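Structure, as structure tokens:
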Amino acid sequence: MSDSLTDARHDSRRIIDDLSHPFPQAANGACWELVTDGVMGGISTGGLARETLAGRPALRLTGKVSLANNGGFLQMALDLAPRGQVLDATAWDGIGVAVLGNGERYGVHLRDDTTARPWQSWRQEFAAGPKWRILQLRFGGFRPHRIDRPLDPARLRRLGLVAIGRAFTADLALGGLWLWRDAAGDAGG
């Protein structure tokens, strides 16, 4: 896939956020949120801001992940459809992200309309280095976490880019978010 987030291949990409709207609003109409382990008693601290990094508009998550008080995460989260609804992504092969970071490992966590507990999700890890990187994360590569079934792309509700699981300094930037499919695919969209 091209490194350009503005290419015109509408048949192989559906934009969720291209960072063209005022912060914290995403292109899909939902708003980005900072979520910390404080919702569960943890003490990790962080911030979420819109910045320009390496020449590209970005949503930047920064902070300190702490394991104290049963904590251990920071995340930038976005509803994929209006509240209470789901995004049917069955016509797509996966989630695309443009990322930049401090060399640490992060995760993309997906939730659907059946995940009742905050720790339940389908997860895929990635490394975010000092140069912008385009990732295409196949839905089949997401692994269930405290859920006993595979991801169903027809029921997506929420996505998080997460710093999790160990004490470290988080610095992760997102330069775009989209659904993608192989150009040779014949799925509709």
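The values are calculated or read from the model by the stated rules, or taken from the named source; none is laboratory data. Here the structure is a predicted model, which means the values were calculated and not measured. Cβ atoms come from the backbone with ideal geometry, glycine included; neighbour counts cover every protein chain shown.
Just wondering, is there one or more residues in segment 167-187 that are among the acidic types (Asp, Glu), surrounded by fewer than 22 Cβ atoms within 10 Å (Cβ to Cβ), free of Cβ contacts under 8 Å to residues at least 40 places away in the same chain and more than 23 Å from Asp18 (Cα to Cα)?
First, the residues of segment 167-187 that are among the acidic types (Asp, Glu): 171, 182, 186.
Those still in the list that are surrounded by fewer than 22 Cβ atoms within 10 Å (Cβ to Cβ) too: 171, 182, 186.
Still in the running and free of Cβ contacts under 8 Å to residues at least 40 places away in the same chain: 186.
From the residues that got through so far, the ones that are more than 23 Å from Asp18 (Cα to Cα) too are 186.
Yes, the conditions are met somewhere in segment 167-187.
Given the conditions (1) closer than 14 Å to Leu156 by Cβ; (2) modelled with pLDDT under 95; (3) not aromatic (Phe, Trp, Tyr), report the number of the one that Val39 does not fulfil.
(1)
Taking Val162 as meeting all but one of (1) over 19 Å from Gly72 (Cβ atoms); (2) part of a strand (DSSP E or B), write down the number of the exception.
Checking Val162 against (1) over 19 Å from Gly72 (Cβ atoms); (2) part of a strand (DSSP E or B), the one that fails is (1).
Can you go through Ala116, Ala77, Ala58 and tell me which one is without any contact (Cβ under 8 Å) to a residue 40 or more places away in the chain and among the hydrophobic types (A, V, I, L, M, F, W, C)? Steps first, answer last, please.
Numbers: Ala77 fails: without any contact (Cβ under 8 Å) to a residue 40 or more places away in the chain; Ala58 fails: without any contact (Cβ under 8 Å) to a residue 40 or more places away in the chain.
Only one candidate qualifies: Ala116.
Taking segment 124-162 on its own, how many of its residues are exposed (fewer than 15 other Cβ atoms within 10 Å of the Cβ), of a type outside the set (Gly, Ala, Ser) and touching a residue at least 60 places away in the same chain (Cβ under 8 Å)?
Matching residues across segment 124-162 total 1.
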